[in-house]
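Participant: Quick one: the structure is below, and I'll ask about it shortly.
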Amino acid sequence: MAVFLGAASLQAQSFSHHVSLSGLGNGNSAKAFGLAADETNHRLYVAVCGDFSGSNNVIAEIDTLTDSVVRTITVGNYPEDIALLAGPNSSGLSTGAVTNSSDGTVSVWDLASGNPIAVVQLPDPFMMGSCYPFGIAAGGPGLMITTVDGSGDVHAIDTTTWTHDPAASFNLGWKSLGRPLASGNEIIVPTTAFTPSWTGAEAGISAFANGAALVSWSHKLAVNDGNNIFPSGNDVVELADGTLLMSGMDLDGRLYQLSANGEILRTMRLQNGAGAHGIALSADGSLLVACDLAYGWVTFIDLLNWVELVAFQTASTGLGYMMPNDAAFCDGKVYVTCQGSEEVMVFDNLPTLVPGGAYQGLITVDDSTPNVGDTLTVQVSGTGVVALFVSFEDSAGTYSGIDLQLGSAPRLVGWSGNGSYSRTWTIPANAPSGFNLFTQGIVDIKGTPAPTAPRCAVIQ
């Protein structure tokens, strides 16, 4: 078998220990949700949310040199996602903010003293007692907050006055929203919408341009209807090359890579579970950690080579931990919160990764988000004889000994001896929305055969 993308590391990541949160807060369970790291000051902030039988209301501040809880900060009920903000003149991180799901508020505190700064009340469009704020990120006038009440509201907070800013807030339609990401002048938001039958959902991703006050682009990535399976968009990170990587649950284990302008590039298929609720990226962009809340997997991925390194089943790791929610890197370790447990998992011995063999040639997709009736043209080009393949699967496989990401049975579309081959299809009227088509090429077939990068198109 020809291996073109092999990971190399000087050590292997391993589970080390956990940090107990038991007994923290108001007496309800001390199960955890989101977390954020301040590596300069060796601090990790963990939202101790409780559970559905009773909300907790504290942030646990952990010293990452000793992995011990040094204090708690009282916030609102059922705290979820945390953002850390830099002080004036870029003087380092100075302020923490957390979404309080049960209260519909955002609590703000001073990182140095732990003292409260403000509590910002968010609008409650359905008069349910809360808009159920979830994700939070620095951006816009200061902070951007997503909601899971189905309204599609993204709220802005002005950090000079610590007040809700209606003018900078926006709406993405009747959707629940994942963790936002501020990238350039855009706010990137994973999305989830029920199908009309309410027996399924569609997972997607949208970008809102702050200055222009409009949606720059919006795509469906997966749709499942009639099966009581609910694909969701949950988290997104910006990779070292400026592209985006989105995760979600019930995505058949897929992560989706998109360009900065929203073009769908490729998928990464996890070997275990059905997706990832939270993802975290190392500072150098080489290592990704994916947390599958529903099936209990924590997966380490080499992004220099797009290779899965190892997956830990949390229920059989250490004392046994349930529902891994989110992760953060700090001081050479990875910390994972578990929504079903009162501990933060700690992994160490993180690998040092180096690039393996590179993809060769070029493959282009003229429209990665076609609608029914549109045409779709895929072209592969490179040295010598080139061939184009398509598949409905994106797991690892081979074709004549060449590694491809097209499952066990890729279909050869055609080939050419002059270094370029293209094929055009018309998307049929009965093509299902959210259908994923995968494609990849092989170049220099008569010389040193090598695969192109894989590509993906999703019918809208």
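Participant: Is the stretch 280-287 home to any residue that is touching a Leu at 6+ places or on another chain (Cβ under 9 Å), buried (at least 23 other Cβ atoms within 10 Å of the Cβ) and either β-branched (Val, Ile, Thr) or over 30 Å from Asp367 (Cα atoms) (or both)?
Facilitator: no
Participant: Considering Gly397, Gly401, Gly357, which residue is in the same structural domain as Ile445 (by TED's automatic domain parsing), out of contact with any Gly (no Cβ under 6 Å at 6 or more places or on another chain) and modelled with pLDDT under 95?
Facilitator: When all the criteria are applied, what remains is Gly401.
Participant: Looking only at residues in the stretch 382-441 that are among the acidic types (Asp, Glu) and assigned to a loop (DSSP other than H, G, I, E, B), which one is nearest to the chain's Cα centre (by Cα)?
Facilitator: So, considering only residues that are among the acidic types (Asp, Glu) and assigned to a loop (DSSP other than H, G, I, E, B), the one nearest to the chain's Cα centre (by Cα) is Asp394.
Participant: I need the full set of residues from the stretch 17-32 which are in contact with a Gly (Cβ under 9 Å, 6 or more places away or on another chain) and in contact (Cβ under 8 Å) with a residue 60 or more places away in the chain, in order please.
Facilitator: His17, His18, Ser29, Ala30, Lys31
Participant: Which ones in the stretch 167-202 are touching a residue at least 60 places away in the same chain (Cβ under 8 Å) and farther than 16 Å from Gly139 by Cα? First the steps, then the outcome.
Facilitator: So in the stretch 167-202, the residues touching a residue at least 60 places away in the same chain (Cβ under 8 Å) come out as 178-179, 181, 183-184, 202.
Answer for the stretch 167-202, where residues must be touching a residue at least 60 places away in the same chain (Cβ under 8 Å) and farther than 16 Å from Gly139 by Cα: just Glu202.
Participant: Turning to a different aspect of this structure: Just for strands (runs of 3 or more DSSP E) wholly inside the stretch 13-74: which have at least 2 residues that are over 27 Å from the mean Cα position of the chain (by Cα) and hydroxyl-bearing (Ser, Thr, Tyr)?
Facilitator: 68-74
Participant: Separate question: Mind checking which pairs have a first residue in the stretch 353-366 that is closer than 10 Å to Gln379 by Cβ and a second that is of a type in the set (Gly, Ala, Ser) and not in a loop (DSSP other than H, G, I, E, B), Cβ under 6 Å, 6 or more apart or different chains?
Facilitator: Note: pairs meeting the criteria are Leu362/Ser381; Ile363/Gly441; Val365/Ala457.
Participant: Identify, please: which residue in the stretch 355-381 is under 12 Å from Thr439 (Cα atoms), of a type outside the set (A, V, I, L, M) and within 26 Å of the chain's Cα centre (by Cα) and is, among those, surrounded by the fewest Cβ atoms within 10 Å (Cβ to Cβ)?
Facilitator: Per the criteria, the residue is Thr364.
The values are calculated or read from the model by the stated rules, or taken from the named source; none is laboratory data. Every value quoted in this text rests on a predicted model; they were computed, and no experiment measured them. Don't worry about glycine lacking a Cβ; one is built from the backbone with ideal geometry, like all the others, and counts go over all protein chains shown.
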